[in-house]
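To start, the structure itself, in structure tokens.
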Amino acid sequence: MNIYETEGFPNPLRIRIALAEKSATDKVVFVPVDVMAGEHRTSAFRAKNPDATVPVLELDDGTCIAQCNAITEYLDGVFDGPSLTGASPKERAVIAMMNIRAESGLMDAVGAYFHHATQGLGPDLETWQCPEWGNKQKEVAQSTMAYLNEVLVENEFLAGDHFTVADITAYAGLVFAEFAKVDIPDHLDHLLAWRARVAARPSITG
């Protein structure tokens, strides 16, 4: 199977971590997409993903799966190893809930700030910006950081006592936040400690 991606971008990072957690990095072929040159907006790439975003998983039968949550769901199901998305209905529901909160409140909010309230990827790619919206989403991201800190007062990980896709999403969101200069406030001790623990995992250190 192929994974079309731009290495170093936050959403492809989520899939690379998931693959490493499942010990399956060597089971896929990474195909680079030159986003800075607009390759993701070509008709050839849009035929694989009309959203014009990376990453995209292409199966051997030609099926293309976009969106990180959908890709991770597939990878979690086909490869051995600890489940990232949950085994029981309760686990799956709690993990999905926390993953959505991390994605919408942190990853997507930081993305909105980066693409709307900064130079983002440059004028050739940032064809429409609303700085007011971007700055509002920066506030959302920082509010979500505070919320996640409170969750981590009682839990080792975001959805309980083991590492899941919710932790992957939140970690990638914080990596993106650091790049976009959206700092984690110093008083969020639990979030900072969690970030350090996650950053030390073999799936991230390589």
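The figures follow:
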item: Qualifying residue in the stretch 84-95 (condition: of a type in the set (Gly, Ala, Ser), open to solvent by 80 Å² or more (accessible area, probe 1.4 Å) and not in a helix (DSSP H, G or I)); result: yes
item: Tally of residues being acidic (Asp, Glu) and either closer than 23 Å to residue 21 by Cβ or in contact with a Leu (Cβ under 6 Å, 6 or more places away or on another chain) (or both) across the stretch 181-206; result: 0
item: Test: residue in the stretch 170-177 that is open to solvent by 70 Å² or more (accessible area, probe 1.4 Å) and not assigned by the TED database to the domain that holds residue 22; result: no
item: Sole exception among (1) free of Cβ contacts under 8 Å to residues at least 40 places away in the same chain; (2) surrounded by 12 or more Cβ atoms within 10 Å (Cβ to Cβ); (3) among the β-branched types (Val, Ile, Thr) for residue 63, by number; result: (2)
item: From the options 158, 192, 152, residue that is of a type in the set (A, V, I, L, M), open to solvent by 60 Å² or more (accessible area, probe 1.4 Å) and in the same structural domain as residue 106 (by the TED database); result: 192
item: Matching helices (runs of 4 or more DSSP H) fully within the stretch 147-206 where at least 1 residues are in contact (Cβ under 8 Å) with a residue 24 or more places away in the chain, within 26 Å of residue 93 (Cβ to Cβ) and among the charged types (D, E, K, R); result: 165-179, 189-199
item: Residue satisfying all of: in the stretch 20-54; touching a residue at least 60 places away in the same chain (Cβ under 8 Å) and in a helix (DSSP H, G or I); most open to solvent (accessible area, probe 1.4 Å) among these; result: 36
item: Restricting the stretch 155-180 to residues that are charged (D, E, K, R) and touching a helix residue (DSSP H, G or I) at 6+ places or on another chain (Cβ under 9 Å), the residue that is nearest to residue 21 (Cα to Cα); result: 167
item: Residues of the stretch 110-141 satisfying the condition of being touching a residue at least 40 places away in the same chain (Cβ under 8 Å) and either assigned by the TED database to the domain that holds residue 36 or surrounded by 19 or more Cβ atoms within 10 Å (Cβ to Cβ) (or both); result: 110, 111, 113, 114, 138, 141
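The values are calculated or read from the model by the stated rules, or taken from the named source; none is laboratory data. Only a predicted model underlies this, so the values are computations on that prediction, with no experimental measurement involved. Here the Cβ is made from the backbone with ideal geometry for all residues, glycine too, and neighbour counts use every protein chain on show. Heavy atoms of the whole protein, side chains included, go into the accessibility calculation; ligands, DNA and RNA do not. Shrake-Rupley method; radii C 1.70, N 1.55, O 1.52, S 1.80 Å.
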